Every structure is written in structure tokens, then in C-alpha cells.
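In what follows, a single structure is set out as C-alpha cells and then discussed.
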Amino acid sequence: MTVTAARGFLASGVAAGIKESGDPDLALVVNQGPSRAAAGVFTSNRVQAAPVRWSRRVLAGGRVTAVVLNSGGANACTGPAGAYDARTMAKRTAGATGGEAEEVAVCSTGLIGVGLPMDRVVSGIEAAARALSSDGGTDAAVAIRTTDSVHKTAAVSRSGWTVGGMAKGAGMLAPGLATMLVVLTTDADADGALLDSALRSAVRTTFDRVDSDGCMSTNDTVLLLASGASGTAPAPGEFTEAVHAVCLDLARQLVADAEGASKEIEVAVVGAASERDAVTVGRSVARNNLLKCALHGEDPNWGRVLSAIGTTDAVFDPDRLDVAVNGVWVCRDGAAGEPRDGVDLTGRRVTVTVDLRSGDESAVLWTNDLTAEYVHENSAYSS
């Protein structure tokens, strides 16, 4: 269930001393081939960390032999020194694994504006290279955690080939991915064009529809690496479906582990005139702090859903809106529907369904409730 579930990959995770806690904080993933094809998707934030800028250039070449990832420092907004450090991480990884620096992707996560302790990072890269193993996927997933309470991995197997992956992320989960690092691996025989197409298709309806707190990170990175070690070339549709399944699994894990969350909320918008309308409405509902507080208090306050819908430019008639909370249609035709005391919100999972009654398109987004624990964690994050 990790990045080493697919054949042809080694991984490791070590404690390099980047984190003051002494917890694992540096990971390597190495593609042994025979293929080194790769694709990547990055944050759309205009403020981008040095590792993102470096990895964009690497992915432009379509080949990745290794990925080095660190937690405990984002290496974002660190100026020329940060760019030098990202390049150094790639060079040192290449030297330790026998590759080329221009084929090493770099990922960092942690506090913005703070430089990395490069002596520890370099020593950690050397230690991680020595620890590389076909069983090292879990160690790698643990090492990239920041405020995550659990590590996140997933895998699916098809006829003779596998897609595996790991992710980190528990806050700043918003469109343009999330404050997340994701490495996906496959032993399928797939070229760069198929990898890119499958990855972008999967990200569009999974990671890009996770909207925990409306905040976008500077370091978001999703990579898909293919070793071709299975010797099997899957049909494009089947491959895309498998990549989507792994991305969806990881995206749901991100929401489940969102900072301070006590509810996992699915916002399903149906009856939209277009997919864009469905996503726009879903995002407005998912970002409504009043609703998120209400659901935390187990209050099915459908009025806050309608208020959120009304701020969008989607096609709808306010007098024809329907809203259900956990299957109870508490709002019908833009007014009170079934009794709200019939809604059971005692469980962790909540579904808010919005029917715009304006067409046949739909979309699903995922968010979480807003809690005092979220405020506490983010008020003390850098102290």
C-alpha cells in the first residue's frame, strides 16, 4: 500500500535532524527502471517554493530517477539561497543514488521563510540512500509528515501492474492541490504523455476538490513515476482509472486528517447547468465558515448553505433550490423542507447535497468542520 508496492522502486525515510523533535524528516524514492518516465502537477500559487521551481524544470524533461523530500522546512520565500539549497539536494541525491541531478525532483514542506539546515539535510540524504529498500515505502511516508497525525499511503493492482502512492497534508487544503506532497509510482509500461494525461485527469476531480480551509500552499507537488518493470502496457482508460483510484483514496485521507477536524464533510452538487457551476457552488459551500461551525456543533443549518450558494454566479432559481443533510431534505424549493430534527449528525461523516435543478451536471468536493483545535494548532504553528 505504498510507493514501493509497484515493482522497480526503492524508498526510505530517516531522521536527519531537520525537525527539533527528532522525528523522521527526510525521504527518498528511487526509480530503478527500466523506464524513468514521469509527470507532475504543482501549486498554482504565484508564490512558489524553491523546490517547486526546481522540480518544474526537472519534469519538463519528462524523466525522474529519484525524488528527495524533506519535512521540517518548506524552503519557500528563501531567496537565492533557497534555490541553491534545492539544487544542492538534487545534486547530493544524484551522487548518492547514481543518477543525474537534472532528473531528481525535490519536495519540501514545513514553515515558510526559514532556510534548511543543509549540513543535516546532506547527511540525511546519505543516510537515506544507504537505507533504500523495496520495503521502505512506509518509512518514507512517515518521514514527510508535518502536522499530519498519521501517514498516508494507498495502492491498487490491476492485471499484472500496480499504482502505489504516499501523501502528506493536514492543513491549507485548497484548490491548486493542497499543502501536500504526493508521490505516485507505477510499474506499468506507460510513456510520459499517458502519465501526464492520467495524472491531470485524476488530480482535477480529487486533490483539486479537497477544500479544507480555503488556503493555498506554496509547495504543493504531485508526481507520478513509471518504472515499466511489469512489462505490461495497460489501456489508457484502465490506467487513468487506477491513478484516479489512488488519488481519491489519498485525497480522502487528507480530509480525514485535516487539522482539528471532527467531521469529514462531502459536498455533492447535482442538477447543475455545467460542471463549472457545480464546482463553484460546491466550493462556496465547502468554504462557508458559518456552515462548518454549525456542522461541528451538529446543527443542520441549511440556511447557511443557501447563503453560500447565493454568492456564486451559477445558474439557479432561488425558489427551486433543494438541500439535504445526511439524506434528509431539510430545504425544498428554497424554503424549509423535512424536519431538521430528523438529521443525525452524531457520526464523523456528513454529506451535504445541493440540487440546483438547473441541468444534469454534478460535482463532489470534500471539506471538514471548523473547530477550536484548528484555531489553536494554526495560532501556535511557528512557535
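Coordinate-derived values only; no laboratory data. This structure is a prediction, so every number in the text was calculated from the model and none was measured. Every residue, glycine as well, gets a Cβ built from its backbone with ideal geometry; the counts of neighbours run over all protein chains shown.
Structure data summary
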| quantity | calculated |
| --- | --- |
| Fraction of the pair-distance distribution of the stretch 24-73 above 19 Å, Cα-Cα pairs, percent | 34 |
| Difference of contour (0.36 nm per residue) and Cα-Cα distance, TYR84 to SER307 | 75.5 nm |
| Diffusion constant of the chain at 25 °C, which comes from Stokes-Einstein with the Kirkwood Cα-pair radius and 0.890 mPa s, µm²/s | 116 |
| Low-density loop cleavage sites - trypsin sites (Lys or Arg not before Pro) in the stretch 339-375, where at most 12 other Cβ are within 10 Å (DSSP) | none |
| Rounded tilt (10° steps) of 275-286 against the dominant C-alpha axis of the chain | 90 |
| Rg to Rh, two decimals, where the stretch 280-337 supplies the alpha carbon set and Rh follows Kirkwood | 0.94 |
| Under 28 Å between alpha carbons - lysine pairs in the chain that sit 8 or more apart or on different chains | 11 |
| Value of [θ]222 nm, deg cm²/dmol, for the chain, DSSP H segments ≥ 4, -39500 (n - 2.57) each, nearest 500 | -9500 deg cm²/dmol |
| Estimated inter-spin distance, LYS91 and GLU377, nm [label 7 Å along Cα→Cβ] | 3.8 |
| Tail weight of P(r) past 17 Å, computed on alpha-carbon pairs of the stretch 175-292, percent | 60 |
| The stretch 14-74: trypsin sites (Lys or Arg not before Pro) in DSSP loop, at most 13 other beta carbons within 10 Å | ARG46 |
| Coil-residue GluC sites (Glu not before Pro) of the stretch 251-304, DSSP, other Cβ within 10 Å capped at 15 | GLU298 |
| The chain - share of DSSP beta bridges that are antiparallel (%, nearest 5) | 70 |
| Net length gained if the chain between ARG46 and LEU111 were fully extended (0.36 nm per residue, minus Cα distance) | 21.6 nm |
| Gyration tensor verdict on the stretch 70-216 (Cα atoms; rounded if a/c is under 1.5, prolate if a/b is larger than b/c, oblate otherwise) | oblate |
| Spacing of the two label points (7 Å from each Cα toward its C-beta) at SER262 and ASP119, in nm | 4.7 |
| Simple label model, 7 Å out from Cα along Cβ direction - CYS293 to ARG53, nm | 4.0 |
| Kirkwood Rh and Cα Rg combined as Rg/Rh, the stretch 281-383 | 1.01 |
| Prolate/oblate/rounded call for the stretch 245-309, Cα gyration tensor, a/c under 1.5 rounded | oblate |
| Extension gain (nm, one decimal) between ASP317 and SER197, 0.36 nm per residue minus Cα-Cα | 39.6 nm |
| Spread of Cα-to-Cα distances over 10 Å intervals beginning at zero, given as percent, for the stretch 3-122 | 14, 47, 33, 6 |
